[in-house]
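Input: a single structure, listed below in structure tokens.
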Amino acid sequence: MDEQLKKVAAHHDEWAETYDCDIARMSLYNRITLDNIRRFVPHEPGARILDAGGGTGVWSVELAKMGYHVVLTDISKGMLAKAREKVLSLGLQHLIEIRNSNILNMPEFARGSFAMVVCEGDPLSYCGDHEQAMREMVRVLRPGGTLIVSVDNRVSALSWLKDADADAVERYLETGDTMIPPDRPEDQRYACHTFTPTELGELFESNGVTVERIIGKTVLRRIGLHESQDPEIQERLYQLELRYCDHPDFVPLGGHLEIAGRKR
């Protein structure tokens, strides 16, 4: 494992203890994510799905509850330990297989092994080589299968550069490359590639995946109501998110971008 991935793994090992609590607070984000996944799941019952870089298994569990067989991979052993606890507590071990694996290189999986690949939580942004990771995920996906990937949004991540000089901002806008987490000491940061919707679509198309949907998650995150705990307000915001999250004018407002496509 190179230095980049060692830092990624260390950060996520440390984060594993609180990750599920942090995710639970992102209710609208999670609902939009699950809605998008449900739109593209395989038609055949029990189909095999890869949850690449799936961390504590948030989406593996949801897919298993739908009856699919899921292989959950991650480079963080801490995240996978939490995933094992969760899978056992829910009695889903017959549907979820857990492996310590790197999305840049998955020789353990044959070409066309999966009916669907999901890569949530932005590992494509911080794996160190998003083009290689994309090729590998497409390789293990069968023709006609669906691929869903979430990434960090270049426009949104501009807020990470609040103390940067003009030269650094210009480089970032041109390349999309930065270092994260922004609030950590420099020696603990690792490289992150942020995307624009256009770049993300081109990455899919150039790897033989036809784009079917791009969304922003979430496009209403800047408004105060987003923090409301009122169920009625949350439901109203959810319906607004569904209406606008894939609208080309609003997609760039999302903190994250998510793309879904089908392998040709």
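Table: residues versus (1) modelled with pLDDT under 95; (2) loosely packed, with under 14 Cβ neighbours inside 10 Å.
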residue: E44; (1), (2): yes, yes
residue: I49; (1), (2): no, no
residue: S60; (1), (2): no, no
residue: A64; (1), (2): no, no
residue: G67; (1), (2): no, yes
residue: V71; (1), (2): no, no
residue: K86; (1), (2): no, no
residue: N102; (1), (2): no, no
residue: C119; (1), (2): no, no
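Of T178, T196, all but one fail to be under 21 Å from R222 (Cβ atoms), in contact with a Cys (Cβ under 9 Å, 6 or more places away or on another chain) and modelled with pLDDT of 95 or more; the exception is T178. Counting only helices (runs of 4 or more DSSP H) that sit completely within the stretch 1-93, those holding 1 or more residues that are more than 24 Å from G254 (Cα to Cα) correspond to 3-24, 58-65, 77-90. Just need a number here: residues in the stretch 230-255 that are among the acidic types (D, E), over 21 Å from S150 (Cα atoms) and in a helix (DSSP H, G or I). Adding up the residues that qualify gives 2. Entry remark, the stretch 126-164: residues being outside any helix (DSSP H, G or I), more than 16 Å from the chain's Cα centre (by Cα) and either at pLDDT below 95 or surrounded by 15 or more Cβ atoms within 10 Å (Cβ to Cβ) (or both) number 7 in total.
Among residues that are surrounded by fewer than 24 Cβ atoms within 10 Å (Cβ to Cβ) and touching a His at 6+ places or on another chain (Cβ under 6 Å), R38 is not included. Answer yes or no as to whether L220 is part of a loop (DSSP other than H, G, I, E, B), closer than 30 Å to E14 by Cα and either out of contact with any strand residue (DSSP E or B) (no Cβ under 9 Å at 6 or more places or on another chain) or not hydroxyl-bearing (S, T, Y) (or both). For L220, the condition - part of a loop (DSSP other than H, G, I, E, B), closer than 30 Å to E14 by Cα and either out of contact with any strand residue (DSSP E or B) (no Cβ under 9 Å at 6 or more places or on another chain) or not hydroxyl-bearing (S, T, Y) (or both) - is met. Could you list all residues from the stretch 220-247 that are among the aliphatic types (A, V, I, L, M) and within 25 Å of the chain's Cα centre (by Cα)? Residues satisfying the conditions are L220, I223, L225, L237, L240, L242.
The values are calculated or read from the model by the stated rules, or taken from the named source; none is laboratory data. Because the structure is predicted, anything quoted here is derived from the model rather than measured. Using ideal geometry, Cβ is built from the backbone for each residue, glycine included, and neighbour counts are taken over all protein chains shown.
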